[in-house]
1. Report yes if ILE82 is free of Cβ contacts under 8 Å to residues at least 40 places away in the same chain, part of a helix (DSSP H, G or I), closer than 21 Å to ALA163 by Cα and open to solvent by less than 50 Å² (accessible area, probe 1.4 Å), otherwise no.
2. Answer with yes or no whether THR140 is of a type in the set (Ser, Thr, Tyr) and open to solvent by less than 40 Å² (accessible area, probe 1.4 Å).
3. Being at positive phi and in a helix (DSSP H, G or I) is the filter here, so list the residues in the stretch 93-109 that pass it.
4. Can you give me the number of residues within the stretch 95-154 that are aromatic (Phe, Trp, Tyr) and either under 22 Å from ALA45 (Cβ atoms) or under 15 Å from the mean Cα position of the chain (by Cα) (or both)?
5. Within the stretch 53-65, restricting attention to residues that are of a type outside the set (Val, Ile, Thr) and open to solvent by less than 10 Å² (accessible area, probe 1.4 Å), which residue is nearest to ILE26 (Cα to Cα)?
6. ARG146: closer than 15 Å to THR15 by Cα and free of Cβ contacts under 8 Å to residues at least 40 places away in the same chain, yes or no?
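The values are calculated or read from the model by the stated rules, or taken from the named source; none is laboratory data. Please read all numbers here as calculations on a predicted model, not as lab measurements. All Cβ positions, glycine included, derive from the backbone under ideal geometry; neighbour counts span all protein chains shown. What goes into the accessible areas is simple: the full protein's heavy atoms, side chains included, and nothing from ligands, DNA or RNA. Shrake-Rupley method; radii C 1.70, N 1.55, O 1.52, S 1.80 Å.
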Amino acid sequence: MATNEKTLNDLFHDTLKDIYYAEKQILKALPKMAKAAQAPELTAAFQKHLTETEGQIERLEKVFELIGKRPQGKPCEAILGILDEGKEIMEEFKGAVALDAGLVAGAQAVEHYEMARYGTLKTWATTLGLPEAAKLLDQTLQEETRTDQLLTQLGDRGLNKKAA
């Protein structure tokens, strides 16, 4: 066995840095998405999630504190790619009837990425005996799930039909 073998603690910390970076990038993207949205209810959803994201970053900082590490991000190519797709939608569909449907789809891609990360981190925190971290991560996971459900409802209630 190698003496520098990485453990679940290392993986937890590494993934925590990944989602911390991702949340910071999302925080920058949400105002642009809110501004681009045509439907007032979609603008409101993005603005609400902006406030939630600020709280999620604070919770992540608490998790870093719980494991004795300073809050630090690590570039996350996955979230950058997802956000770039969202930028393309905003540029290519600006003023089009399908813009809001595209924004919903792009935002749901972000939510699904976050839900996968937070679900994994919560499970690892539990495995590592970090119940307070697991609780904080679960709180964010629940917010991300509700945001995803809201976006689905907005699409189903008319944004997708309007785009057709």
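1. No.
2. For THR140, the condition - of a type in the set (Ser, Thr, Tyr) and open to solvent by less than 40 Å² (accessible area, probe 1.4 Å) - is met.
3. none
4. The total comes to 2.
5. GLN56
6. no
Listed here are the residues, each with its yes/no results for (1) farther than 30 Å from THR123 by Cβ; (2) open to solvent by 30 Å² or more (accessible area, probe 1.4 Å).
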| site | (1), (2) |
| --- | --- |
| ASP14 | no, yes |
| ALA37 | yes, no |
| LEU42 | yes, no |
| PHE46 | no, no |
| GLN72 | no, yes |
| GLY95 | yes, yes |
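Okay, residues lined up against (1) in contact with a helix residue (DSSP H, G or I) (Cβ under 8 Å, 6 or more places away or on another chain); (2) not basic (Lys, Arg):
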| position | (1), (2) |
| --- | --- |
| GLU88 | no, yes |
| GLN108 | yes, yes |
| GLU114 | yes, yes |
| LYS135 | no, no |
| GLN139 | yes, yes |
| GLU143 | yes, yes |
